[in-house]
């Protein structure tokens, strides 16, 4: 009998590349013996105080709310984080619900997973900012600070990525996961990379 693999996955709900990778992991859950732990990450926190292009800075300024609410969910209802991310990511990336600094998407996602509607208020206060700082730090301590999301730890071995588009499905998803586990198990493995030639592609199902 194969040993259960543990996956720790740090996500910022606004990142399309992270969303695609998370859908791969969700598919892998169906066909491999894995345990997934979902952790909020904030690109807005990561980029706070950095010198950024004007358009990216604007995007970061309006993108606090999803990560903040994810942090609130992680603290108050930790068993629902993955389900909440799925609902919120569907709103943001598939339904393109990005109005009101993502408030409308958050309201819809909380309703979908039957979480208290007042959790949306966490998105527009700094109550959970320290929790995001701590969650970011936990991830970056594992992989270094020159990365964004997705950040994954496979059985404790951590890296940025994989960055994929579209997400593999079915047994293909399982094969790629098996390869990732094999690479992660080698202590001397650090990096594979090539230039992206496609934009984020979202599977319809």
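Return yes when residue 138 is in contact with a helix residue (DSSP H, G or I) (Cβ under 7 Å, 6 or more places away or on another chain) and either under 29 Å from residue 91 (Cα atoms) or at pLDDT 95 or above (or both) and no when it is not. Judged against the criteria, residue 138 is not a match. Restricting the first member to segment 174-194 and to residues that are at negative phi and at pLDDT 90 or above, and the second to residues that are part of a helix (DSSP H, G or I) and exposed (fewer than 10 other Cβ atoms within 10 Å of the Cβ), no beta-carbon pair is closer than 7 Å while six or more apart or on different chains. Against the conditions (1) closer than 22 Å to residue 28 by Cα; (2) surrounded by 18 or more Cβ atoms within 10 Å (Cβ to Cβ); (3) under 17 Å from the mean Cα position of the chain (by Cα); (4) touching a residue at least 24 places away in the same chain (Cβ under 8 Å), residue 136 satisfies every one except (1). Restrict the check to segment 45-52 and report whether at least one residue is touching a residue at least 60 places away in the same chain (Cβ under 8 Å) and more than 12 Å from the chain's Cα centre (by Cα). Yes, some residue in segment 45-52 is touching a residue at least 60 places away in the same chain (Cβ under 8 Å) and more than 12 Å from the chain's Cα centre (by Cα).
Considering the conditions (1) in contact with a helix residue (DSSP H, G or I) (Cβ under 8 Å, 6 or more places away or on another chain); (2) under 24 Å from residue 7 (Cα atoms), residue 182 is excluded by exactly one of them, (1). Listed conditions (1) closer than 27 Å to residue 62 by Cα; (2) surrounded by fewer than 18 Cβ atoms within 10 Å (Cβ to Cβ); (3) touching a helix residue (DSSP H, G or I) at 6+ places or on another chain (Cβ under 9 Å) are all met by residue 120, apart from (2). Taking the criterion of being in contact with a strand residue (DSSP E or B) (Cβ under 9 Å, 6 or more places away or on another chain), closer than 20 Å to residue 128 by Cβ and surrounded by fewer than 18 Cβ atoms within 10 Å (Cβ to Cβ), the only residue of segment 1-55 that qualifies is 37. Scanning for something free of Cβ contacts under 8 Å to residues at least 60 places away in the same chain, under 25 Å from residue 158 (Cα atoms) and in a helix (DSSP H, G or I), does segment 8-22 turn up at least one residue? Within segment 8-22 (the criterion being free of Cβ contacts under 8 Å to residues at least 60 places away in the same chain, under 25 Å from residue 158 (Cα atoms) and in a helix (DSSP H, G or I)), the answer is no, since none of the residues qualifies. Residue 171 meets each of the listed conditions (1) surrounded by fewer than 18 Cβ atoms within 10 Å (Cβ to Cβ); (2) under 24 Å from residue 65 (Cβ atoms); (3) at pLDDT 95 or above apart from (2).
Looking only at residues of segment 63-98 that are touching a helix residue (DSSP H, G or I) at 6+ places or on another chain (Cβ under 7 Å) and without any contact (Cβ under 8 Å) to a residue 40 or more places away in the chain, we find that the one that is surrounded by the most Cβ atoms within 10 Å (Cβ to Cβ) is 84.
The set of residues from segment 139-156 being surrounded by fewer than 17 Cβ atoms within 10 Å (Cβ to Cβ) and more than 20 Å from residue 19 (Cα to Cα) comprises 141, 144, 145, 155, 156.
The values are calculated or read from the model by the stated rules, or taken from the named source; none is laboratory data. In this text, all values refer to a predicted model and were calculated from it rather than measured experimentally. Quick reminder, even Gly has a Cβ in these numbers, built from the backbone with ideal geometry, and neighbours come from all protein chains shown.
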